[in-house]
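Inspection log for the structure reproduced underneath, given as structure tokens.
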Amino acid sequence: MSGSYVLLQFGSDPFSHRYEDLESRPAFTVITVDQQANLIVHIAREAAWSQQHPEIMGPRNSYLYFGPCKAPGYLVYGNGTEVAMVNHLRHKKDASISRYFTAQNGKELKWKVSPQKMECLDGRSTVATWELSQPEDVFCARLTIKHSGLTMVTEILTTLCLNRMAMNLDWKL
């Protein structure tokens, strides 16, 4: 059992990219499903990766349903209930770079958000870190997930993507 798992991000578009593990197994796919009326993005955990880690729990996918003009809408994990996107992008202080969300297990987690690096914390413990790659790398970014984050890995990936999309769209929340 490893202490952490590394996923490499291929593609820089926050609305369409993929993650692979270090053995080149597909781990997650982020794809724009529809943008005719309102944007819909699907985030899917791939079986090729998740079957390597039996401790992975939670939903296999999520959908992000944006409002008109790519305004914040809602998201759905698996076949679950709708959750307003802004509930997964909460901040406690006006000037804070941290964004809070409540996982399906009831725990409150925090993303420390910046364009080059993001950290997801469960209390004082880091459960995931996303960092942009170096210019010489063939991938765009690296996501390191601690073993404790596997039980909510789809939620971690979904909120990471949502934070990146919010920055890209310059949402003032």
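Things worth noting here:
- Sparse-neighbourhood loop sites, trypsin sites (Lys or Arg not before Pro) in segment 100-173 - DSSP loop, at most 14 other Cβ within 10 angstrom: 107, 124, 172
- Estimated dipole of the chain in Debye, rounded to 20 [Cβ of Lys and Arg +1, of Asp and Glu -1, Cα centre]: 580
- Surface share of carbon and sulfur [accessible, 1.4 angstrom probe, percent] for the chain: 49
- Seen from residue 24, the other residues with C-beta closer than 13 Å to its C-beta sum to a net charge of -2, counting Lys and Arg as +1 and Asp and Glu as -1.
- Prolate/oblate/rounded label for segment 102-173 (Cα gyration tensor, a/c 1.5): oblate
- Sparsely packed chymotrypsin sites (Phe, Trp or Tyr not before Pro) within segment 38-77, loop by DSSP, other Cβ within 10 Å at most 12: none
- Two-site FRET efficiency, residue 23 against residue 79, from Cβ-Cβ distance with R₀ of 35 Å, rounded to 0.05: 0.70
- Multiplying the residue separation of residue 4 and residue 40 by 0.36 nm and removing their Cα-Cα distance gives an extension gain of 9.9 nm.
- Contact order relative to length of the chain, as percent, for alpha carbon pairs under 8 angstrom and 6 or more apart: 21
- Among 45, 90, 18, residue whose mean-square fluctuation peaks in a GNM of the chain (springs only between Cα atoms under 10 Å): 90
- In Hz, Karplus ³J(HN,Hα) per residue of segment 160-173 (6.51, -1.76, 1.60; θ = phi - 60°; x = Gly, Pro): 4, 4, 4, 5, 5, 5, 4, 5, 4, 8, 6, 5, 9, 9
- Calculated mean projected area of the Cα convex hull in nm² (choose from (i) 12.2; (ii) 10.1; (iii) 11.2), label: (ii)
The values are calculated or read from the model by the stated rules, or taken from the named source; none is laboratory data. Everything quoted here is computed from the prediction, not taken from an experiment. Because the Cβ atoms are built from the backbone with ideal geometry, glycine has one as well, and the counts that use them run over all protein chains shown. Surface accessibility is based on the protein's heavy atoms, side chains included, excluding ligands, DNA and RNA. Shrake-Rupley method; radii C 1.70, N 1.55, O 1.52, S 1.80 Å.
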